Amino acid sequence: MSDANAANDPMMPYQLPFPKEALDEIVVPKAVPEDERIWVPQTQSVSFRPLCLNRSQGYWMNLLRVRKAGVLSRHRHPQGVHGFVLKGRWRYLEHDWTAEEGSYVYEPPGETHTLVVPDDVEEMITMFQVNGVMSYVDPWGKPVGYEDVFTKIDLCRAHYEAVGLGADYVDQFIR
Ligand code: FE
């Protein structure tokens, strides 16, 4: 095929190497895992499944799973959050809408909220991209704790070590 023909062929792959410094892509075949050990527990009813722990830009992409009548503690977001509900239903105590299965949610910087799962929902799973930090606060905004991509990585390492997957199981999700 001539170069001119190749240039017009939509099925012709890109022909050059990627930038030398570019990071590897991440492909997670079973994003909703069959192996229960992959869920990292945070409380009795809340756990998360890492997908991309982006330490170089300070965000994390994960599945949040909350089981029956669980609560994700009140927290403030200084940066935006994107969410897509894969299963179940939840709401924030601070808003009057409900995020249903199939919903997309954008949480703007400055949000402080408390995520609750109704009694009639056995389990909800939502994919969240969280940027920067989640600052856990009391009802008047006083900080009582925080999470960032580094505390997430630490939680994963400790859990994967404890369940026999090995602390380095988390490395595949870190960029
Ligand atoms: Fe949040």
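What residue, among those in region 131-142 that are touching a residue at least 60 places away in the same chain (Cβ under 8 Å) and more than 19 Å from the chain's Cα centre (by Cα), is surrounded by the most Cβ atoms within 10 Å (Cβ to Cβ)?
VAL137
List every residue pair whose Cβ atoms lie under 9 Å apart, where the two residues are 6 or more positions apart in sequence or sit on different chains, the first residue falls within region 80-100 and is within 15 Å of the ligand (Cβ to nearest atom) and hydroxyl-bearing (Ser, Thr, Tyr), and the second residue, located anywhere, is open to solvent by less than 10 Å² (accessible area, probe 1.4 Å) and not in a strand (DSSP E or B).
So the pair list comes out empty.
Yes/no per residue for (1) in contact with a Phe, Trp or Tyr (Cβ under 6 Å, 6 or more places away or on another chain); (2) closer than 20 Å to ARG175 by Cβ; (3) modelled with pLDDT under 95:
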site	(1), (2), (3)
ALA4	no, no, yes
PRO10	no, no, yes
LEU16	no, no, no
VAL28	no, yes, no
TRP39	no, no, no
THR43	no, no, yes
GLY70	no, no, yes
SER73	yes, no, yes
GLY80	no, yes, no
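Given the condition open to solvent by less than 60 Å² (accessible area, probe 1.4 Å), within 16 Å of the chain's Cα centre (by Cα) and without any contact (Cβ under 8 Å) to a residue 24 or more places away in the chain, answer yes or no: does some residue in region 112-120 qualify?
no
Could you give every pair whose Cβ atoms fall below 8 Å, whose first residue belongs to region 146-175 and is within 17 Å of VAL133 (Cβ to Cβ), and whose second residue is open to solvent by 70 Å² or more (accessible area, probe 1.4 Å), counting only separations of at least 6 or pairs across chains?
Within 8 Å, the pairs are VAL149/ARG55; PHE150/ARG55; ILE153/ARG55.
Can you name the residue in region 35-78 that is of a type in the set (Gly, Ala, Ser) and open to solvent by 60 Å² or more (accessible area, probe 1.4 Å) and, of all such residues, is farthest from PHE150 (Cα to Cα)?
SER73
Inspect region 25-37 for any residue being free of Cβ contacts under 8 Å to residues at least 12 places away in the same chain and of a type in the set (Lys, Arg) and give the result as yes or no.
Yes, the conditions are met somewhere in region 25-37.
So, in region 146-158, of the ones that are open to solvent by 30 Å² or more (accessible area, probe 1.4 Å) and of a type outside the set (D, E, K, R), which residue ends up nearest to the ligand (Cβ to nearest atom)?
Within region 146-158, the match that is nearest to the ligand (Cβ to nearest atom) is TYR146.
The values are calculated or read from the model by the stated rules, or taken from the named source; none is laboratory data. Bear in mind the structure is a predicted one, so any value in this text is a computation, not a measurement. Because the Cβ atoms are built from the backbone with ideal geometry, glycine has one as well, and the counts that use them run over all protein chains shown. With ligands, DNA and RNA removed, areas are computed over all heavy atoms of the protein, side chains included. Shrake-Rupley method; radii C 1.70, N 1.55, O 1.52, S 1.80 Å.
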